[in-house]
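Comments concern the structure below.
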Amino acid sequence: MRKEVTRREMEKKIPFLSLKAIDAPIAEELAGAASRVIESGYYLHGPETKAFERELAEATGTSECVGVSNGLDALRLITRAAMETGRLHRGDGVLVAANTYIASILPLTEMGLQPILIEPDERTFGIDWHLALRRFEEKGKEEKIRGLVTTHLYGNPSWDEEVAAKLRDCGVFIIEDNAQAIGARSGEAGKMTGALGIAAAFSFYPTKNIGAIGDAGAVTTSDPEIASAVRALANYGSDRRYHNIYEGYNCRLDEIQAAILRVKLNRLSEITARRQHTADIYLEAITNPETALPCRLEGDTQVWHQFVVRTRDRDGFRAYLDSCGIGSDVHYAVPPHLQPCYAGRFTEPLPLTEALAESVVSLPIAGVSDEDARRVTEAINSWRTRR
Ligand SMILES: *Cc1c(COP(=O)(O)O)cnc(C)c1O
C-alpha cells in the first residue's frame, strides 16, 4: 500500500493541455516555416496566405476561403458581409444556441441583430434544431428571424439537413461557428463542417485542434458574393487599392501564421485521429456512473476539441482529479445570457443551458498518451468508489 502511494506520487502530472508538448515533435518544421517567411520579406498578402486559403478551401470542400485575424473577426466579417449584401438587416432575429461560447453571439449584438437563444440538444451540445424550427414557424415573422448560427461545440457537428433545408428555403442565412470542429463531418454524405452553411468561421487560437503561434482565423464559403464582401471588409473595406466600398476593418491573416498553419493543416488527419483514439479509450473504459459520458454521434465524425463529461459534484470531482495529478477545465461555467455585459437582455428561461454550465468538465484530450488516458480512466473509475 505504501509502495503504491509512493509510485503515484512519483508519477508525472497530466496537464489539461500542454501546447509545448504538443508542438515539440514538429518544432523544427514550424521554425522552418517561420524562417521561410522572414527570408522572403513578405509579411502580409503573400504567397503563404494564398496557399493556405487554397488548401483550407480544398480540405473543407468550399470554393472560397479568406484567411483572417482570428475566429471572432471571422464571425464579425461574415455577419457584416451578410448585412452589406442585404441578407440580414438591423433588428433581424438570429437563432443561436444558448450554451455556445460568447464569441458566437458578440457579433450579432454588436451589429444590432437580435440573438434568439435556443436551448441545446444534449446529444450534440449544439443548437436543438427542432426547437429552432419551431421558434421560426411560430414567431419567425414577428421576430423577423432571418439568420441562424450553429456552433459545432466541442468538435461535434451540429447540423440537421432536413431542418436546415426548410430554413434555407425560407431565406434564413445560416452561419457555422466552426472554431472547434475543423475536420468534422456530418451525416450520411459526410460533408465537412465549414461547408454546411452559407459561410463558416474558423479559429486557430493556439488551443484549437489546429493552432497558430498567436491569433489567426478563416472564413470558408461557396457563396462568391459573401466571399468578396468578407475579403474587402477584412482589408479596410477596399475591393481594390485605395478604393473603399465599405467602412471596413483590418482583419488580415499574416504570413507567419499562414506558414505555421499550413504545416499543421497538412497533419489534420493525424491530429484528429490521435484525439479520436484517446476519446475511444475514455468512452470504452470510463464506467463510473457518477460521470455521464458524451454521446457518440451516429453517422457523424466528431473531432473531440473537448472531451466533456457531466457530473453533479463538479468541484469535488475536479479537486479529486487534481489530487491525482490530473488537470481538467470547464467549457463554459457561465453561459452568455448570464454574463454581465448582457445583464437584463435575455429574459427567457434556459434551464438546460444553465444545468450544463453547472455540470460540464473537460478532460485532457490533446497530446494524451495511451498510458495517460488509462491513468485518467482509472482515477475516474475510482472516484468515490475507492475506500
Ligand atoms: C475560440 C472560439 C471562437 C473565437 O475564436 P478566436 O480566434 O479566439 O477569436 C469563437 N467561437 C468558438 C466556439 C470558439 O471556441
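Each reported figure results from applying straightforward, stated rules to the coordinates on display, with no laboratory input. Just so we're clear, the structure is a prediction, and the values are computed from it rather than from any experiment. All Cβ positions, glycine included, derive from the backbone under ideal geometry; neighbour counts span all protein chains shown.
Taking a ≥ b ≥ c as the square roots of the eigenvalues of the Cα gyration tensor, region 66-118 is oblate, since a/c reaches 1.5 or more and a/b is not larger than b/c.
The slack in the chain from R262 to R123, taken as 0.36 nm per residue of separation less the alpha-carbon distance, amounts to 46.8 nm. Could you check what % of the DSSP bridge pairs in the chain are antiparallel, to the nearest 5? Roughly 60 percent of the DSSP beta bridges within the chain come out antiparallel. Taking Rh as the Kirkwood radius, which is the inverse of the mean 1/r over Cα pairs, what is the Rg/Rh value for region 312-387? Rounded to two decimals, Rg over Rh is 1.10.
In angstrom, the C-alpha Rg and Dmax of the chain are 21.6, 75. Scattering from region 234-331 was approximated by placing one identical point on each alpha carbon and applying the Debye formula without solvent; log10 I(q)/I(0) at 0.17 1/Å stands at -0.90. Sparsely packed loop sites in region 211-275 (the trypsin sites (Lys or Arg not before Pro) outside DSSP H, G, I, E and B with at most 11 other Cβ atoms within 10 Å) comprise R241.
If the chain linking R374 and Y236 were pulled fully straight, counting 0.36 nm for each residue of separation and taking away their Cα-Cα distance, it would gain 44.6 nm. Rounded to the nearest whole Hz, the Karplus-based 3J(HN,Hα) values (6.51 cos²θ - 1.76 cosθ + 1.60, θ = phi - 60°) of region 298-303 follow the sequence 3, x, 9, 10, 8, 10, with x at glycine and proline. Look at the alpha carbon pairs under 8 Å that are at least 6 residues apart: their mean separation over the length of region 114-248 gives a relative contact order of 14 percent.
Stretching the chain fully between K141 and V330 yields a gain of 64.3 nm (0.36 nm per residue, less the alpha carbon separation). In percent, how large is the relative contact order of the chain, given Cα pairs closer than 8 Å and 6 or more residues apart? The normalised contact order for the chain reaches 21 percent. Here is what passes the span test in the chain: the DSSP H helices with alpha carbon length of 24 Å or more along the helix axis and a Kyte-Doolittle mean of -0.5 or above are 268-285. Computed per residue of the chain from DSSP H runs no shorter than four, each worth -39500 (n - 2.57), the mean residue ellipticity at 222 nm is -12000 deg cm²/dmol. Here's how it looks for K191: its modeled amide H is under 5 Å from those of S186, which are all 5 or more places away or on a different chain. Amide H contacts of I116 (H built 1.01 Å from N, in plane; Pro and chain starts excluded): V94, L95, V96 sit under 5 Å, all sequence-distant by 5 or more or on other chains.
Between E358 and N250, the FRET efficiency estimated from the beta carbon spacing at R0 = 30 angstrom works out to 0.15. Could you tell me which of rounded, prolate or oblate describes region 251-387, using a ≥ b ≥ c as the square roots of the eigenvalues of the alpha-carbon gyration tensor, with rounded for a/c under 1.5 and, failing that, prolate when a/b is larger than b/c and oblate otherwise? Oblate shape, in that a/c is at least 1.5 and b/c is the bigger or equal ratio. With contacts taken as Cα pairs under 8 Å at a separation of at least 6 residues, region 285-370 carries a relative contact order of 39 percent. From the Cα gyration tensor of region 343-387, with a ≥ b ≥ c the square roots of its eigenvalues, which class applies: rounded if a/c is under 1.5, or else prolate if a/b is larger than b/c, or else oblate? Oblate, since a/c reaches 1.5 and b/c is not below a/b.
When peptides 341-348, 135-142, 184-191, 205-212 are sorted by average Cβ neighbour count within 10 Å, with the highest value leading, the order is 205-212, 184-191, 135-142, 341-348.
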